[in-house]
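The values are calculated or read from the model by the stated rules, or taken from the named source; none is laboratory data. As the structure is a prediction and not an experimental result, all values here were calculated from the model. Here Cβ is always computed from backbone atoms with ideal geometry, including for glycine, and neighbour counts include all displayed protein chains. In case anyone asks, the SASA skips ligands and DNA or RNA and just uses the protein heavy atoms, side chains included. Shrake-Rupley method; radii C 1.70, N 1.55, O 1.52, S 1.80 Å.
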Amino acid sequence: ILGGYEAKPHLKPYMASLQLDGQHICGGFLIAKQWVLSAAHCTEETDGKMFQVLLGAHSLTEPEPHKRLYRVRAQIPHPGSNIHNNKDDLLLLQLEEEAELNAHVQVLPVQREDRDVAPDTVCEVAGWGTINHSGRRPDKLYQLERPVLSRDVCNHRTRHDHTITEKMMCTDSRRKDTCKGDSGGPLVCNGVAEGVVTAGSRVCGNYKKPAIYTRIAPYAAWIDGVIAAGDG
Ligand SMILES: O=C(O)c1[nH]c2ccc(F)cc2c1NC(=O)[C@H]1C[C@@H]1c1ccccc1
């Protein structure tokens, strides 16, 4: 998170850190007791290793009440996701067991109505991604409020040049922006997850390259299908 600030501890109890060998790789968030949503690109360099999911955390390293690392039973990237573009950049992770819900671990509702969030709506995003241009990695969760940018502006030739589909959305990236390590986290508007930070490599903090999110509503049926099949 560039240009943001340290979140108040445990006010975002849905936040997850996807980790490999104890290293934060990407964000994610709890959408059901046994399911975390993140971004498919985050699995690109894991060469088949399974993530572990840290829930209930504010600090990545300090002991905290209700902080717990979960093993992952299954990682399901959206079938349309690929390494060449940002399309269908979603990843569902089934935890080995249901997360124990408490004050620090809670599910975040996702948007199911497929209607664009109005431009200029102020939404918030949080993560353990880089907090400055030198790539400094924070120990604590950071957050940021950002206004939604209209798809027309985001698709302008000098911005993302018509690559933003109706299943994506953008926020203004002037100075304050998401960055590497924030991918997979939720864009929360009025308490509901509207988008997932895409994990394709992109410059951060440059107003010419707005932040891109996968909208969740268009994928509600896919998410429900995977959860229904996975819960058996
Ligand atoms: O965050 C991303 O956009 C992104 N996209 C990816 C694609 C493949 C992939 F193998 C990883 C990623 C990845 N995350 C990262 O590189 C994380 C490791 C770096 C990081 C940054 C800040 C704080 C902690 C750790």
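Within region 172-190, the residues that satisfy the criterion of being away from the ligand (no atom under 15 Å from the Cβ) and in a strand (DSSP E or B) are Val188, Cys189. Please verify whether Leu2 is within 12 Å of the ligand (Cβ to nearest atom), of a type outside the set (Val, Ile, Thr), crowded, with 18+ Cβ neighbours inside 10 Å and farther than 16 Å from Val196 by Cα, treating the condition exactly as stated. Yes, satisfied. Of the residues in region 10-25, not one is among the small types (Gly, Ala, Ser) and more than 14 Å from the ligand (Cβ to nearest atom). The residue that is modelled with the highest pLDDT, counting only those in region 37-53 that are surrounded by fewer than 22 Cβ atoms within 10 Å (Cβ to Cβ) and more than 10 Å from the ligand (Cβ to nearest atom), is Gln52. Could you run through region 173-204 and say how many residues are at pLDDT 95 or above, among the small types (Gly, Ala, Ser) and open to solvent by 20 Å² or more (accessible area, probe 1.4 Å)? Residues that pass the stated criteria total 1. Could you please find all residues in region 191-226 being assigned to a loop (DSSP other than H, G, I, E, B), within 16 Å of the chain's Cα centre (by Cα) and among the charged types (D, E, K, R)? Answer for region 191-226, where residues must be assigned to a loop (DSSP other than H, G, I, E, B), within 16 Å of the chain's Cα centre (by Cα) and among the charged types (D, E, K, R): just Arg202. Close Cβ contacts (under 7 Å, 6 or more residues apart or on different chains) running from residues in region 132-159 that are without any contact (Cβ under 8 Å) to a residue 40 or more places away in the chain and in a loop (DSSP other than H, G, I, E, B) to residues that are more than 16 Å from the ligand (Cβ to nearest atom) and open to solvent by less than 30 Å² (accessible area, probe 1.4 Å) comprise Asn155/Ile164.
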